[in-house]
1. Val406: net charge of surrounding residues, Cβ under 14 Å, Lys/Arg +1, Asp/Glu -1, itself excluded?
2. Using amide H atoms built 1.01 Å from N in the peptide plane, name the residues 5+ places from Gly201, or on other chains, whose amide H lies under 5 Å from its own.
3. Could you state the number of Å between the C-alpha centres of the range 177-223 and the range 100-168?
4. Considering the alpha-carbon set of the range 61-211 alone, what are its Rg and its Dmax in angstrom?
5. Need the list of aspartates and glutamates near Lys412 for cross-linking: C-alpha distance under 16 angstrom, and skip anything on the same chain fewer than eight residues off.
6. Hey, which aspartates and glutamates would be in cross-link range of Lys311, C-alpha to C-alpha under 20 Å, not counting anything within fewer than 8 residues on its own chain?
7. Just add up the charged neighbours of Gly145: K/R +1, D/E -1, any other residue whose Cβ is under 13 Å from the Cβ of Gly145.
8. Local charge sum around Val241 (other residues, Cβ-Cβ under 15 Å, Lys/Arg +1, Asp/Glu -1)?
Amino acid sequence: MTHSSSPPFHIAVIGGGPAGLMAAQAAADQGAQVELFDAMPSVGRKFLLAGRGGMNITHAEGYHAFVSRYARQAHRVKPALDQFGPQKVRDWVHGLGVDTFVGSSNRVFPTDMKAAPLLRAWLHRLREAGVQFHMRHRWTGWHDGQLAFATPDGERRFTFDAVILALGGGSWARLGSDGAWVPLLQGQGVAVAPLAPANCGFDVDWSEHFSSRYAGEHLATLAITAHDLDGLTVKRQGQCVITAGGIEGGLIYALSAALREQIARDGSTTIWLDLAPDHSHARVFEEVTRPRGARSMSSHLQSRLGIKGVKSGLLRECLGAADFADEARLAAAIKLLPITLQRPRPIDEAISSAGGVTFDGVKGSMLRAMPGVFVAGEMLDWEAPTGGYLLTACLAQGKAAGEQAVSWLEGKS
């Protein structure tokens, strides 16, 4: 991989998402000559899509809690976060001329809630630092020691002193994260855990009647009881959405890692919905059993507990006629309604992906099997919930990879 042995070092960054852009910035800030390659016509496409609903940059909760969101791989992600954590991410955004604010959920957003102005300011800074961009260059691996790219004008090959790979995971292939890099690295002896959907929805075998009537309906004021990655029972409150074939949304995404693993192990898994989380079981039982006169049970539930629409439909869908008619069983189901999840939705529908280059195969950010090749971002084997955690870790790992690539080259020279 080595081309020159003294500064300015010539470094390639492959992948124009947040991790790749930050790697390019970090390497350029250290004096390297950086060229960035991406298969798409422009960089940051998934970054821009994520910003359509409000650009969630990072999270303002306490640092210990923040790191814990990376679950089993927290200790692997923490070294990069220690150097470039949530507050430094905010400081960096402010340095680009974009102000931020902390929302009611402790999520951090630009004041205008948009991703495009932030990306434009970032790209301007990168170009000022001398970073060169090569669009529509799809990396196809190494050929005779050179990096090879498929381009509209045919194959092109380049030689660099070091390479930083920031190719994303396997979700949203149309935006560039297609996982096509997996066999390229496996062919070089790099261990890669299978890519899997993360922050994803799940299939449920709804009846045709329920599916046709309630697909797209939001379940607000809901709690879910499930088992976490360690098998412990957890209960979380939030919102989710019924789909034609299942269930998705923020509350489901937060539990998706554990649910996915349980399905892989057992073939399916069960969650329990609390349709009246603001009321105790005793209160629900009291209201269900209250005399209702000539009113139907459905009208009674709407009047006394506000259970109507999709919540009422779920009770009818999941309970037999006998259970629905039994007041004690109905009250119990309102507080703990079992839903069987059959499988996660396909990875290309997921917000992010799990799996990737295993941490045992990297030293810092460099591949043990390939000295001079560094990796960053979602192509590493970690996952996190939405809420700014994904972006913060990608930025932190990109910065670490850029700095470590230059440091490695300086050590060689």
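Quick note: the coordinates plus some simple rules give every number you see, no bench work behind them. Source: prediction; values computed, not measured. Please note: Cβ atoms are built from the backbone with ideal geometry, for glycine as well, and neighbour counts cover all protein chains shown.
1. -2
2. Arg345
3. For the range 100-168 versus the range 177-223, the Cα centre distance is 25 Å.
4. Computed over the Cα atoms of the range 61-211, radius of gyration and Dmax are 20.2, 61 Å.
5. List returned: Asp161, Glu403.
6. Asp203, Asp205, Glu208, Glu217, Glu248, Asp274, Asp278, Glu286, Glu287, Asp323, Asp326, Glu327
7. -1
8. Summing Lys/Arg as +1 and Asp/Glu as -1 gives -1.
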